[in-house]
Amino acid sequence: MDAQIKKGILEMCLLKKLSQNDYYGYTLMQEMRKVFTDVNDSTFYAILRRLNKEGKTETYFGKESLGPKRKYYRITDFGIRDLNSSVRDWKELQNIVKQIGID
């Protein structure tokens, strides 16, 4: 799959997962790897860092475990608006492609 297309889809999917629940970064990455089996861990983390830098997510530290503090990600209001816009764009693109005859 084209890297640019995958990048946009990954971002939308990560935001969707975060709209359903806050996630510890590693747990979120494991969930995403179930469906994006060919994506490197570093790619997921790079997108999460960018989403955070853009204000679409925010982080917080959870209760301490036996090891180091765990960083959790949650979606922001801006992230929800961006996700909704991306989903609208995705659906519009699907309709356009179907009109051309690609299912």
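The values are calculated or read from the model by the stated rules, or taken from the named source; none is laboratory data. If you're wondering where the values come from, they're calculated on a predicted model, not measured in any experiment. Counting neighbours? That spans all protein chains shown, and the Cβs are built from the backbone with ideal geometry, glycine included. Areas reflect the complete protein model, heavy atoms only, side chains present, ligands, DNA and RNA absent. Shrake-Rupley method; radii C 1.70, N 1.55, O 1.52, S 1.80 Å.
Taking the conditions exactly as written (open to solvent by less than 50 Å² (accessible area, probe 1.4 Å) and among the small types (Gly, Ala, Ser)), does Gly101 satisfy them or not? Answer is no for this residue.
I'd like the residue in segment 1-35 that is in a loop (DSSP other than H, G, I, E, B) and not hydrophobic (A, V, I, L, M, F, W, C) and, out of all such residues, is most open to solvent (accessible area, probe 1.4 Å). Only one residue tops the list, namely Lys34. Scanning segment 36-58 for residues that are without any contact (Cβ under 8 Å) to a residue 24 or more places away in the chain, surrounded by 14 or more Cβ atoms within 10 Å (Cβ to Cβ) and among the polar types (S, T, N, Q) turns up just one, Asn52.
Considering Ile75, Ile96, Ile80, which residue is in contact (Cβ under 8 Å) with a residue 12 or more places away in the chain, open to solvent by less than 90 Å² (accessible area, probe 1.4 Å) and more than 11 Å from the chain's Cα centre (by Cα)? Walk me through it before giving the result.
Working: Ile75 fails: more than 11 Å from the chain's Cα centre (by Cα); Ile96 fails: in contact (Cβ under 8 Å) with a residue 12 or more places away in the chain.
Within the list Ile75, Ile96, Ile80, the selection yields Ile80.
Of the numbered criteria (1) in a loop (DSSP other than H, G, I, E, B); (2) touching a Gly at 6+ places or on another chain (Cβ under 9 Å), the one Tyr72 fails is (1). So for segment 41-48 (the condition being at pLDDT below 95 and among the small types (Gly, Ala, Ser)), does at least one residue qualify? Checked against the condition, which is being at pLDDT below 95 and among the small types (Gly, Ala, Ser), segment 41-48 yields at least one hit.
Here Arg88 qualifies as surrounded by fewer than 13 Cβ atoms within 10 Å (Cβ to Cβ) and modelled with pLDDT of 95 or more. Residues in segment 64-94 that are more than 21 Å from Gln20 (Cβ to Cβ) and charged (D, E, K, R): Glu64, Lys69, Glu92.
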